[in-house]
1. Hey, what did segment 127-255 get for relative contact order, percent, Cα under 8 Å, at least 6 apart?
2. Within a 10 angstrom radius of the beta carbon, how do 237, 105, 190 rank from fewest other beta carbons to most?
3. For a Förster distance of 51 Å, can you work out the FRET efficiency between the beta-carbons of residue 225 and residue 79, rounded to the nearest 0.05?
4. Taking neighbour counts of Cβ atoms within 10 Å as a proxy for exposure, in what order, fewest first, do 119, 233, 168 appear?
5. Please arrange 160, 19 by how many other C-beta atoms lie within 10 Å of their C-beta, fewest to most.
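What follows draws every value from the coordinates through simple rules; no lab data is involved. Keep in mind that what you see is a predicted model, and the values were worked out from it rather than measured. Neighbour counts run over all protein chains shown; Cβ positions are idealised from the backbone, glycine included.
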């Protein structure tokens with residue numbers, strides 16, 4: 001009986017050894033597959049990140065613009081994003097493009113296999129602001145980058161851009177009913193309005209009811225234009241009249 005039990009135990013031991021060998025073989029194969037996938041993934045990532053393999057060959061700009069320097073903008077983009085088509089960060093390009101002074105709005109997208117498409121909306125300047133900046137129709141300032149334009153000149157303290165532009169627009173609409181042109185507007189620290197017309201006449205409108213006072217000037221101007229002397233300035237900070245300065249520097253009170 002003892003011999004029979006010994007002979008029956010040997011096949012079980014052999015089977016157990018074979019089973020362990022198969023398990024370790026499977027583990028080794030799995031590790032080999034995983035290592036291959038990791039290595040392949042790294043190589044694929046290197047390929048996709050390599051500018052020489054997948055370069056952005058074309059930056060296609062579109063939109064209606066006159067003052068945006070496309071050559072400079074493309075150079076900035078390629079310097080900031082030197083990688084491949086896949087490595088290029090669209091959000092970073094978008095932020096870079098919209099940070100340019102003459103760009104009001106932009107959209108950026110990739111187009112397979114090697115193109116970056118950028119649509120541009122250019123700033124629309126309506127006035128100069130404090131000599132060194134420009135204003136768009138919404139009262140936002142931007143740098144003119146050396147572009148010289150024949151625009152009305154607006155001056156005022158920092159933060160008053162929108163107020164100054166709104167005042168200018170209201171005055172411009174009123175003065176446009178005459179043959180005169182508003183050339184320069186100044187808003188003081190106390191928010192008092194002063195205007196210079198293209199014919200050289202300066203108007204002091206004060207802080208309140210400046211539109212009504214401008215209308216008073218328009219009403220009285222035909223009478224002033226009949227005088228022998230040329231008008232230098234008109235002070236309208238009165239309830240019922242105006243003070244007129246003539247080119248010989250004398251001043252006279254005139255009833256409106």
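1. On the way: 210 pairs, mean separation 18.1, N = 129.
Value for segment 127-255: 14 percent.
2. Working: 237 15, 105 12, 190 8.
The order, fewest Cβ neighbours first, is 190, 105, 237.
3. Numbers: r = 59 Å, r/R0 = 1.17.
Given R0 = 51 Å and the Cβ-Cβ separation, E is 0.30.
4. 119, 233, 168
5. Lowest to highest Cβ neighbour count: 19, 160.
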